[in-house]
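The values are calculated or read from the model by the stated rules, or taken from the named source; none is laboratory data. Nothing here was measured: the structure is a model prediction, and the numbers come from that model. When we count neighbours, we look across all protein chains shown, and the Cβ atoms used for this are built from the backbone with ideal geometry, even at glycine. Surface accessibility is based on the protein's heavy atoms, side chains included, excluding ligands, DNA and RNA. Shrake-Rupley method; radii C 1.70, N 1.55, O 1.52, S 1.80 Å.
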Amino acid sequence: MTRASQQDNDHDPKRRRLLRRAATAAATTAGAGVAAAVGMPGVAQAAPGENLIMGTTNDAGVATTTLTSSAGSALSAQAAGGVPLRLVPSSGLYPNVLDSEAGTLAVDDQGDLFIRAGTDANPTNGWAWTSEWATTSVAVPPTRILDTRDANLRRNIVSGSLDSLGRLQPGVPIVLALDRYVRDGYAIKGNVTVVGMTGAGVLTVWGSGTKPTASTVNWATAGTILSNFLFTELGAVGAYRSVLTLQATSSPTHAIVDMTSLLVGHPSQVLLGGGA
């Protein structure tokens, strides 16, 4: 605020009337000592519709104070010697987001928070991590969530069927529900093993929906035991919000899945181990 504008505020007739009424009321109820105190610098009462005075503490009570700028422009605030803080509307952020002035803070239409820090001569750009799009990996105690050789470890299967020996049937997907371990999980890390196959084949593990063309484990002969690291998204089917789908091709096989970590938006979603 310039000196001229400060002077204009000091000579505003409405403001002078407000101050006189406050001083008169104080003198009437508490005597000259209190009236003198009112004239001393203190908290400025920014009444609704009145001016906000720089250099003082302003209190609007329970009223809401809204700061706006003219159509589409940034709202800036600056302290002496510092980089100004610029609050930018999302419509003014793109396409030259990386050319923003230092001090820019903006939320785009996807809910992502962009920050341009440093100085104009040496700026740094960054996006704040939010649960809108970012994830966190929460390690859990190694947990066996499937072993088709063991009836008790087939309890997470909620869709699909196995053959008479409990093996995956070629071309028949099975679905595992992991809702007892995680609430609306994004992905799983762990290990998948195949054993007891009758010939060459392929196992694919994915979340839900159409089967991907990629494979998770491949084997060339019967009677082998093969394992591979598993990192895949979780899907949703019906009332189940965190599922894995497994499907074998070419030959039947037993499958074992061990879970070691879950990817979530917030650790509170994990219902097992460290995230519980």
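General remarks:
- Charge dipole (debye, nearest 20) of the stretch 104-180; +1 at Cβ of Lys and Arg, -1 at Cβ of Asp and Glu: 620 debye
- With 0.36 nm allotted per residue and the present C-alpha distance subtracted, the Met54-Asn191 stretch has 43.1 nm of extension available.
- As a fraction of the 1.4 Å probe accessible area of the stretch 192-276, surface on carbon and sulfur atoms comes out at 58 percent.
- Annotation for the stretch 138-234: trypsin sites (Lys or Arg not before Pro) lying in DSSP loop with at most 13 further Cβ atoms inside 10 Å of their Cβ are Arg155, Arg180.
- Euclidean distance between Cα centres, the stretch 152-182 to the stretch 232-276, Å: 12 Å
- Counting charges near Leu271 (Lys, Arg +1; Asp, Glu -1) among other residues having Cβ under 13 Å from its Cβ returns a value of +1.
- Estimated inter-spin distance, Asn228 and Ala214, nm [label 7 Å along Cα→Cβ]: 1.0 nm
- Accessible area, probe 1.4 Å, largest first, for residues Val62, Val172, Val243: Val62, Val172, Val243
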